[in-house]
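Right, one structure below, let's go through it.
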Amino acid sequence: MTSRTASARAARVDRPALRERLDEALSVRLTTVIAPAGSGKTTLLAQWVASHPETPCARLDADDADNDPVRFATRMLDTLSVVEPISDGTRTLIRLHANGLGTALIDALGDELRRFPECVFIIDDLHRITSRVLLTDLARVLRILPAHVHVILSSRVDPPLPRGRSRADDALLEFRQADLALTVAEATQLLSGITGVAFSSGQIGALVKRTEGWAAGLQLAAVTLRHRDDPDEFIAQFNGTDRLIVDYLTEETLQIQTPRRRRALLRMSILDRMSAGLVNVVIGRDDAQLLLEELERESMFLVPLDTTRSEYRFHPLFQDMLRYRLRAADPALEVELLHRAATWHLDRDEVHAAVEYLLRAKDWAQVIDVVTTRMTEVYERGEMLTVINWIESIPEAVRADRLDAWLLLGMLWGMAGQTAKSEDILGRLLSEPRSTAGQRKIATTYLSAKVYFAGHPEVSVVAAERAIGLLAEDDGSPVPNLLNVTDPRLLETLTLLSGARAHFLAGNRDESARWAARTLSSRGSSYPLYRVGALGTRALIDAWAGRMRDARLSAHEALTLAREVGRPFHPVVADAYLALAQIALEQAQPRHAALPLREAIVRSASNRRDQLMWITRLQSAELSLGHPFEEDPAPAEGFAEEAATCPPPIVARRLGALRARRLRLRAAPDAAARELSRDCLLDPAVFFEAVAAALAAGHRARARALLADALPPSAAAPLEGVQRRILAAWLAAADGDTAACHHRLAEAFDLAEPEGLVDVFIRAGGTVLALVAGHTRSHDGLRRSILDRARDAHMPLPATDLLAPLTDRELQILTYLPSRYKNSELADLCFVSLSTIKTHLANIYRKLDATTRDAAIARAHEVGLL
């Protein structure tokens, strides 16, 4: 028997008794295999999976890069897709949680797994995941697992996951180092497979005793024995602690190689993942593929990473030994080889791997250069934490000398929603005497960009104005290139966009519109992410003012552009979804508001855009206010009130108006008036409620005085014009002036009809609705819409001529049908199973007397349900 043949059989040591014990994993939800490196965990799991071809299995081999939540979530869903395809709806949530998996993704994953067949999900090398946030989220995933999904976790160390309840419920299967120890029979098979020599039971027993059955130790011993003439002498000298065993065996293994092979192994050890092209560059040869195949055949601790044998890695202990020997022999050579590997990856735009090698080489200057100039893709994908971790791994003393690194760190913390950290870094840089004018321009710009992440938008208004002033100064100083987003033109666009958002949140309606217009005409507005944000912000400003046609066009343009550039899930699209939700609310179409509001909530929460979350809370309150006598609605999903500093003025005022409206419609107009602050009467919604409360209480003089003292409504704000005319019509009716009442109501209809403004009439309450019902002189279509939707808001939908009325859930699903979502995507959107969606669709088709989706959509339009 040749050594190559024996080596090929070495990894196939069968362990039937251990596999039989592992069969119990199919009766529990969680199994853990905890043992040191080289204990045979990976081999055991591979053999066990192969022995159960009837059970689908998904296996994820964790690595250090999986500490980035976006990467881990992507790999996890890709792995699970081996068992059952993951819906596109769940995949949309992946990149929205830069700080963790996120509640929405975990819940969606739970729903996905409930429709899976019985299966096994293995996470190997879990010890490589050290992120506390990610491990906490993983524990949450384990808690929601259905009973038919069995998880096996393999790790060198105990993962910090709660297992007490599982132990108490007898729902946990555990394997430890002692469980994985090789028996004499298994060790005999291992040694004879590698060496091709039959050893005596005494010799095998001595090795098993001294290694305590540690598989890697026995394998290393076998590799050495393959070249020993006197095995008894070797075995007699083989003793000591595990560390001594590893040192002795690895030295013996390396020393028996030819000088050329030994030199190649030492140089290859610096590589985390090995491909033929990379190895050729590092070791200075052109036969790397043959070498890799040879090493694998000879059991030289090489692990293939794919089925095509195109990538490999060394066994960690073997690699550690090689790296130790290389470092001891020639530290400068190690650094040179790390640079070769980094250059090879950079030439292929594989920046992630390149930076990891540069960090190990402690080439802090090049790390900073690469990170600051070549990480745009990582930044745009929302993987800010990866870049942050790289920068923070550089010694602080080095970073102190590179202000660009500090500046980038402040920018990234801000974009990750960590406002306090960002402000501290950027503020210190502004006061740093060494900072250049260009660096101060960037810092000031990004301080203004915190507007969506922190309270007090008036502060961001000042910051934006200061940044615009700085950017206008042409002092000739260069502006550093950071992530390719700090060109002066891009800084100008970002500053204008921040100013537009700040003015909007502060309630400065006209100023926000002007800044938004300047943003879209600025020199850097062609940058896709900024243009998406600017279009979405303009759409939100327009929707708030009642310019619904313009708002819809801008919102759809923003979402279309985001899809075209591959960023449909980026947080920047939240504004566009908020605008679409606002349009639907103002047009009294709450079911149409639900989907864009949900999308806005997910994206706003993904990087802690607290100020937008306040808007989602306001919209959720409006959406849940289906009946005026309902109790206060709960906060929006994903909204943590304690995390938000304070609501922006525009939201605080409208929440006050909402509370006043609820009191007024409960026949408590005086209490409603007390709810409103006199200082907030410049807000149209608050002004409307103040006058409405006076009219509802019979205080016509006060209502007349408020209307007389108010500034005339802006022609650019149709909603405000409609509100004023509704109030004037109400006051005229109270005065008994029927002609004036109808005249003002007709004017309100004239303004409202082009924009589809309906809810403003419904919000006014019963008195105004009665006036609308009695106004039969014009605008019949709008009048009927107002009255029909008013009835919908207060009572169940009439059955019309349907076979049976649709339930609320069926109505929700019906609104999604024109979108052409697949059934699996509908299930994800509604958080139900695929079979439940099919049942709902069958009911919808039956009640609409339709046999296809197109027929159901057409019928729904006929009866006014769409």
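The values are calculated or read from the model by the stated rules, or taken from the named source; none is laboratory data. The shown structure was predicted, so the numbers you read here are calculated from the model rather than taken from an experiment. Don't worry about glycine lacking a Cβ; one is built from the backbone with ideal geometry, like all the others, and counts go over all protein chains shown. Side chains are part of the model used for accessible areas, which takes the heavy atoms of the whole protein and leaves out ligands, DNA and RNA. Shrake-Rupley method; radii C 1.70, N 1.55, O 1.52, S 1.80 Å.
Observations on the model:
- Under Karplus coefficients 6.51, -1.76 and 1.60, residue-wise ³J(HN,Hα) of the range 45-59 in Hz, glycine/proline x: 5, 5, 5, 5, 4, 5, 7, 10, x, 6, 10, x, 9, 10, 10
- Karplus-based coupling profile of the range 108-118, in residue order and whole Hz: 5, 5, x, 5, 4, 5, 5, 9, 6, x, 4, with θ = phi - 60° in 6.51 cos²θ - 1.76 cosθ + 1.60 and x standing for Gly or Pro.
- Our summary gives the chain a relative contact order of 8 percent, counting only alpha carbon pairs under 8 angstrom and 6 or more residues apart.
- Spatial separation of Cα centroids for the range 405-426 and the range 526-574, in angstrom: 25
- Accessible area expressed per residue, the range 279-381, with surrounding protein chains retained (probe 1.4 Å, Å²): 45
- Residues whose placed amide H lies under 5 Å from that of Leu302, excluding near-sequence neighbours: His315
- When both the range 690-724 and the range 319-374 are represented by their alpha-carbon centers, they are found 69 Å apart.
- Separation of the Ser81 and Ala705 label points, Cα + 7 Å toward Cβ, nm: 6.8
- In the chain, the DSSP-assigned H stretches of four residues or longer account for a calculated mean residue ellipticity at 222 nm of -19500 deg cm²/dmol, using -39500 (n - 2.57) per stretch and the full residue count as denominator.
- Converting phi to 3J(HN,Hα) with the Karplus coefficients 6.51, -1.76 and 1.60 and the offset θ = phi - 60°, the range 359-370 yields 5, 5, 7, 6, 8, 4, 5, 6, 4, 4, 4, 5 Hz in sequence order, with x at every glycine or proline.
- Remark on Leu30: its backbone amide H falls under 5 Å from those of Val151, Leu173, a criterion applied only to residues 5 or more positions apart or on other chains, H modelled at 1.01 Å from N.
- Per residue, the accessible area of the range 10-96 comes to 39 Å², computed with a 1.4 Å probe over protein heavy atoms only.
- Rolling a 1.4 angstrom probe over the chain with all protein chains present gives an accessible area of which 52% lies on carbon and sulfur atoms.
- Surface accessible to a 1.4 Å probe, Glu293 within the full protein complex, Å²: 70
- Based on Cα contacts under 8 Å between residues 6+ apart, the range 459-568 shows a relative contact order of 21 percent.
- Projected-area average for the chain over all orientations - Cα convex hull basis, square nanometres: 42.7
- Length added when fully stretched, Arg273-Ala472, from 0.36 nm per residue minus Cα-Cα: 66.8 nm
- With R₀ fixed at 45 Å, the C-beta to C-beta distance from Glu511 to Val398 puts the FRET efficiency at about 0.55.
- Put the Cα centre of the range 809-830 next to the Cα centre of the range 186-206 and the gap is 63 Å.
- Sparsely packed trypsin sites (Lys or Arg not before Pro) within the range 722-793, loop by DSSP, other Cβ within 10 Å at most 12: Arg777
- Averaging the sequence gap over all C-alpha pairs within less than 8 Å and six or more residues apart, then dividing by the number of residues, gives the range 401-505 a relative contact order of 27 percent.
- Qualifying trypsin sites (Lys or Arg not before Pro) in the range 502-545, DSSP loop, other Cβ atoms within 10 Å at most 13: Arg523
- Amide hydrogen neighbours beyond the local backbone of Asp63, cut-off 5 Å, H modeled: none
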